[in-house]
Amino acid sequence: MRASAATVWQVVHSERRQLAADLSGLPDEQWNLASLCPGWDIHDVLAHMVDTALTSRLSFARDLVMARMDFERANENGIAREKRQDPQDTLSAFREVADFTRTPPANVATRMVEAIVHGEDIRRPLGTSGSYPRHAIVQALSYQLRTPVSFGGGRERAAGLLLIDRSTGATWGKGDDVEADPLDLLLAVSGRRVAQERLDGSGASRLMRAAADASASHERRQ
């Protein structure tokens, strides 16, 4: 069952506030650590999250036109626009937009995907992980699995694979099995590198390669 818009926004707002709290005492030197999102450091990801929280359907179209229909360039422009010289100022801006409900012309589930995946883009390089509601992770994973890569999803990366939630036995897809925690499955399907020991099964190496290929492709575009 898909989440209602109200449920999605409740999760998104909560996760934004929690991430802001988690970053409140981050030392200056750690803001420059590479995130899980290739080519972006932790400060870049947070600036991107500020930008997307401010993005409406109208501003998304305007920004894409200004970027000559290049989605990657539009993202980079957004980071440049919202990234302050002092990371604490970017963090303050993030707190200010934490409860916004603006969205580009896309399914509102993309906001939940972003809150969780970008949350881990920041947290894992810092040696931590978020505590997200299981239903939110599952709904984000389900959305990514039915959405093409060209639209920010991960459908092609999971093609021919049977994804298995190791804690509940819930499954998605058909094919060679990949058993892991749902959060790790979500990250890998979303094109993030996941530690080898976190994924088991005959299809694990294929999913890891797909995630690594996504990271390498993004790095080449930087």
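Secondary-structure-derived ellipticity at 222 nm for the chain, considering helices only, amounts to -17000 deg cm²/dmol, per-run term -39500 (n - 2.57) for DSSP H runs with n ≥ 4. 3J(HN,Hα) along segment 175-190, derived from phi through the Karplus expression 6.51 cos²θ - 1.76 cosθ + 1.60 where θ = phi - 60°, amounts to x, 5, 7, 10, 10, 6, 5, x, 5, 5, 5, 4, 5, 5, 4, 7 Hz, with x in place of Gly and Pro. Relative to the longest principal axis of the C-alpha atoms of the chain, give the angle of the C-alpha long axis of helix 87-97, reported between 0 and 90° and rounded to the nearest 10°. Helix 87-97 sits roughly 80 degrees off the main axis of the chain. The angle between the Cα long axis of helix 71-82 and the longest principal axis of the Cα atoms of the chain comes to about 40 degrees, rounded to the nearest 10. Residue-normalised convex hull volume from the C-alpha trace of the chain: 115 Å³ per residue.
Just so you know, the averaged projected area of the alpha carbon convex hull for segment 9-89 sits at 5.9 nm². Measuring nothing but alpha carbons in segment 94-222 and taking Rh as the Kirkwood radius, the Rg to Rh ratio lands at 0.96.
Here each label is just a point 7 Å from Cα along the line to Cβ, and for S202 and E29 those points are 4.8 nm apart.
For the pair L58 and Q10, a Förster radius of 25 Å applied to the C-beta separation gives a FRET efficiency near 0.50, rounded to the nearest 0.05. Less than 5 angstrom separates the built amide H of D177 from those of L162, S202, G203, all sequence-distant by 5 or more or on a different chain. Scaled against 2.2 N^0.38 Å for its residue count N, the alpha carbon radius of gyration of segment 77-116 is 1.33. For segment 37-81, the ratio of Cα radius of gyration to the globular rule of thumb 2.2 N^0.38 Å stands at 1.09. Applying the criteria of a DSSP loop state and at most 11 other Cβ atoms within 10 Å to the trypsin sites (Lys or Arg not before Pro) of segment 29-123 yields R68. Based on every Cα atom in segment 101-159, Rg and the maximum pairwise Cα distance Dmax equal 12.1, 34 Å. For segment 14-21, the Karplus equation 6.51 cos²θ - 1.76 cosθ + 1.60, evaluated at θ = phi - 60°, returns couplings of 4, 5, 4, 5, 5, 5, 4, 5 Hz by residue, with Gly and Pro reported as x.
The angle separating the long axis of helix 109-123 from the principal Cα axis of greatest extent in the chain is about 80 degrees. Spin-label model, R209 to T101: label points 7 Å out along the Cα-to-beta-carbon direction sit 4.5 nm apart.
Spin-label model, A80 to Q18: label points 7 Å out along the Cα-to-beta-carbon direction sit 3.5 nm apart.
Distant-in-sequence amide contacts of D41, defined by a placed amide H-H separation under 5 Å and a gap of 5 or more residues or a different chain, comprise S35. Using a Gaussian network model of the chain whose springs link C-alpha atoms within less than 10 Å, name the residue from A159, A20, A195 with the highest mean-square fluctuation. Highest fluctuation of the listed residues: A195. Residues of segment 101-122 with an amide N closer than 16 Å to a point placed 7 Å from the Cα of V65 along the Cα-to-Cβ direction: 105. Just to confirm a number: summing +1 for Lys and Arg and -1 for Asp and Glu over residues other than V11 whose beta-carbon lies under 12 angstrom from that of V11, what do you get? Once positives and negatives cancel, what remains is +2. Put one equal scatterer on each alpha carbon of segment 1-55, apply the Debye formula with no solvent term, and list log10 I(q)/I(0) at q = 0.26 1/Å to two decimals. So the normalised log intensities work out to -1.10. Considering only S14, S24, S150, the mean-square fluctuation computed in a Gaussian network model of the chain, springs between alpha carbons under 10 angstrom, is largest for S150.
Rule-based calculations on the coordinates, nothing more; no lab input. Note that this is a predicted model, so its numbers are computed, not measured. Ideal geometry is used to build each Cβ from the backbone, glycine not excepted, and the neighbour counts take in all protein chains shown.
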